[in-house]
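The structure under discussion appears below in the form of structure tokens.
Throughout, read-outs are computed from the coordinates displayed, never taken from laboratory work. All of these numbers come straight from a predicted model, not from anything done at the bench. Here the Cβ is made from the backbone with ideal geometry for all residues, glycine too, and neighbour counts use every protein chain on show.
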């Protein structure tokens, strides 16, 4: 699965510094927010906002024609919602890591995917959920063989692949731009893996780092 995930060369033309740490977690036991995940959210909410990292994502959005003041990068939107909202244990886990490192993270139900995840530039004729609308030509999107899974890089995810309390197998996409280092990206991945393992001691986690030309 991890080896089949694609990042088009066009993405690296837009942002040569882009890297994504992809992670699969199989055998999760999810559930409603509890005191443990609530504490993760509270701790992350106390972190200061790292404006230079958010600004880097805003510039990336502008590079493919999006207006980041109207459709905000996910981590920008998330840091504006402090204290962090309670969703479910697994979402709480990755939202807390996202804010702690000011790092966009997507969480997807792997069993709802049709084929591998693919980060690409939209042609404008991709299938998308009505609530999200069709992507514009030139827009950066995540997609699978069925259609769009997330519009405008990491702005908004479709309902089809959303993580729920019934999710057993998940895909996480940790997306990095400078000034975040690759070392910090990998650290964030390890921290997320630790939280998922705390929730589900028998979870099986695999990762792959995708950078320019890899």
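Determine the relative contact order of the chain: mean sequence separation of Cα pairs under 8 Å and six or more apart, normalised by residue count, in whole percent.
Working: 426 pairs, mean separation 78.0, N = 214.
After rounding, I find 36 percent.
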Burial ordering of 197, 207, fewest other beta-carbon atoms within 10 Å first: 197, 207
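Return the calculated 222 nm mean residue ellipticity for the chain, to the nearest 500 deg cm²/dmol, obtained by summing -39500 (n - 2.57) across DSSP H runs with n ≥ 4 and dividing by the residue count. Each step should come with its number before you reach the end.
Details: 6 runs with 67 residues, N = 214.
Here the helix-only value at 222 nm equals -9500 deg cm²/dmol.
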Pairwise centroid distance, computed over Cα atoms, of segment 1-25 with segment 135-191, Å: 10 Å
Globularity index of segment 2-210, i.e. its alpha-carbon radius of gyration over 2.2 N^0.38 Å: 0.95
